[in-house]
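What follows is a short report on a single structure.
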């Protein structure tokens, strides 16, 4: 059950929104984990490992289109397959 050969390599910059140019659908066929400063985050919308940031949705604030407001959090980012 450990098929690392069938999994695509995790990109440096990945977004969960299908409209984003950084969205890679093949990666989302597998379960992904994101570590920010050594703690696993479950609410990540987008990440960039080389620049050291993740984007998470605000729980209460909405933008003018009614979508959750996105907040950038900086730190050490590591992505991995679960």
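The values are calculated or read from the model by the stated rules, or taken from the named source; none is laboratory data. All values reported here derive from a predicted model rather than from experimental measurement. Cβ: placed from backbone, ideal geometry, glycine included. Neighbour counts: every protein chain shown.
I'd like to check something: does segment 9-17 contain any residue that is closer than 13 Å to residue 79 by Cα, without any contact (Cβ under 8 Å) to a residue 12 or more places away in the chain, touching a helix residue (DSSP H, G or I) at 6+ places or on another chain (Cβ under 9 Å) and loosely packed, with under 12 Cβ neighbours inside 10 Å? So that I can check it myself, show each step before the final result.
Taking segment 9-17 as the starting set, the residues that turn out to be closer than 13 Å to residue 79 by Cα are 9-15.
Keeping just the survivors that are without any contact (Cβ under 8 Å) to a residue 12 or more places away in the chain gives 9.
Next, only the ones that are touching a helix residue (DSSP H, G or I) at 6+ places or on another chain (Cβ under 9 Å) stay: 9.
Narrowing the set further to residues that are loosely packed, with under 12 Cβ neighbours inside 10 Å leaves 9.
Within segment 9-17 (the criterion being closer than 13 Å to residue 79 by Cα, without any contact (Cβ under 8 Å) to a residue 12 or more places away in the chain, touching a helix residue (DSSP H, G or I) at 6+ places or on another chain (Cβ under 9 Å) and loosely packed, with under 12 Cβ neighbours inside 10 Å), the answer is yes, since at least one residue qualifies.
So which residues in segment 32-56 are on the phi > 0 side of the Ramachandran plot and exposed (fewer than 12 other Cβ atoms within 10 Å of the Cβ), if there are any at all? Step through it out loud before you land on a result.
Going through segment 32-56, the residues on the phi > 0 side of the Ramachandran plot turn out to be 37-38, 52.
If the condition is that a residue be on the phi > 0 side of the Ramachandran plot and exposed (fewer than 12 other Cβ atoms within 10 Å of the Cβ), then 38 is the only one that fits.
What is the residue count in segment 1-18 for residues that are closer than 15 Å to residue 70 by Cβ and modelled with pLDDT of 90 or more?
Total meeting the criteria: 4.
Do you know which residues across segment 29-76 are part of a loop (DSSP other than H, G, I, E, B), over 14 Å from the mean Cα position of the chain (by Cα) and in contact (Cβ under 8 Å) with a residue 12 or more places away in the chain? Walk me through how you get there before you give the answer.
Filtering segment 29-76 down to residues part of a loop (DSSP other than H, G, I, E, B) leaves 30-31, 37-38, 42-43, 49-52, 63-67, 75-76.
Checking which are over 14 Å from the mean Cα position of the chain (by Cα) leaves us with 37-38, 63-67.
Hits for segment 29-76 are 37, 38.
When you scan segment 4-27, do you find a residue that is touching a strand residue (DSSP E or B) at 6+ places or on another chain (Cβ under 9 Å) and in a helix (DSSP H, G or I), even just one?
Within segment 4-27, the first condition is being touching a strand residue (DSSP E or B) at 6+ places or on another chain (Cβ under 9 Å), and the residues that meet it are 4, 7, 10-17, 20-24, 27.
Imposing the further condition that a residue be in a helix (DSSP H, G or I) reduces the set to 27.
Yes, there is a match, as at least one residue in segment 4-27 is touching a strand residue (DSSP E or B) at 6+ places or on another chain (Cβ under 9 Å) and in a helix (DSSP H, G or I).
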